[in-house]
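Chemist: Once you've had a glance at the structure underneath, I'll fire off some questions.
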Amino acid sequence: MHGNMIQGAGTGAAAGAAFGPWGAAIGGGVGLVAGFFNAWSEAEDEKERQRILEQAKQQLGANYSQLQGMINEYYANNKS
């Protein structure tokens, strides 16, 4: 199930990369959400759904940290 989210994030990031780093970040987030819903629909019981939800929270936290780093780097390099 976790693979669905990672694969979705990777696919989305690759598609969004055509629009630069922001596109990759947004595409990765959208792909992660799509992968989450795919995994969620395949879950057979509530325990499995809770596990998927926890994994999604961890992955979203990692993606948010990466995005925050990109934003900080952008503004550090483009000070006026």
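Chemist: Scan GLY23, GLY28 and give me the residue that is out of contact with any Pro (no Cβ under 9 Å at 6 or more places or on another chain), part of a helix (DSSP H, G or I) and surrounded by 17 or more Cβ atoms within 10 Å (Cβ to Cβ). Lay out the reasoning, then the answer.
Modeler: Details: GLY23 fails: surrounded by 17 or more Cβ atoms within 10 Å (Cβ to Cβ).
Going through GLY23, GLY28 in turn, just one is out of contact with any Pro (no Cβ under 9 Å at 6 or more places or on another chain), part of a helix (DSSP H, G or I) and surrounded by 17 or more Cβ atoms within 10 Å (Cβ to Cβ): GLY28.
Residues checked against (1) over 14 Å from the mean Cα position of the chain (by Cα); (2) exposed (fewer than 15 other Cβ atoms within 10 Å of the Cβ); (3) in a helix (DSSP H, G or I):
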| site | (1), (2), (3) |
| --- | --- |
| GLY10 | no, no, yes |
| ALA15 | no, no, yes |
| ALA18 | yes, yes, yes |
| PHE36 | no, no, yes |
| SER41 | yes, yes, yes |
| TYR64 | no, yes, yes |
| MET70 | yes, yes, yes |
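Chemist: A follow-up question, please. Counting just the residues of the range 43-62 that are in contact (Cβ under 8 Å) with a residue 40 or more places away in the chain and of a type outside the set (Gly, Ala, Ser), which one comes out most open to solvent (accessible area, probe 1.4 Å)?
Modeler: Taking the range 43-62 first, the residues in contact (Cβ under 8 Å) with a residue 40 or more places away in the chain are 43, 48, 51-52, 55-56, 59.
Those still in the list that are of a type outside the set (Gly, Ala, Ser) too: 48, 51-52, 55, 59.
Working: GLU48: 45, ARG51: 94, ILE52: 0, GLN55: 35, GLN59: 43 Å².
Looking at residues that are in contact (Cβ under 8 Å) with a residue 40 or more places away in the chain and of a type outside the set (Gly, Ala, Ser), I get ARG51.
The values are calculated or read from the model by the stated rules, or taken from the named source; none is laboratory data. Given the structure is predicted, the values throughout are model-derived calculations rather than measurements. For neighbour counting, all protein chains shown are included, and Cβ atoms are generated from backbone atoms with ideal geometry for every residue, glycine included. To get the accessible areas, we keep the full protein, side chains included, count just its heavy atoms, and leave off ligands, DNA and RNA. Shrake-Rupley method; radii C 1.70, N 1.55, O 1.52, S 1.80 Å.
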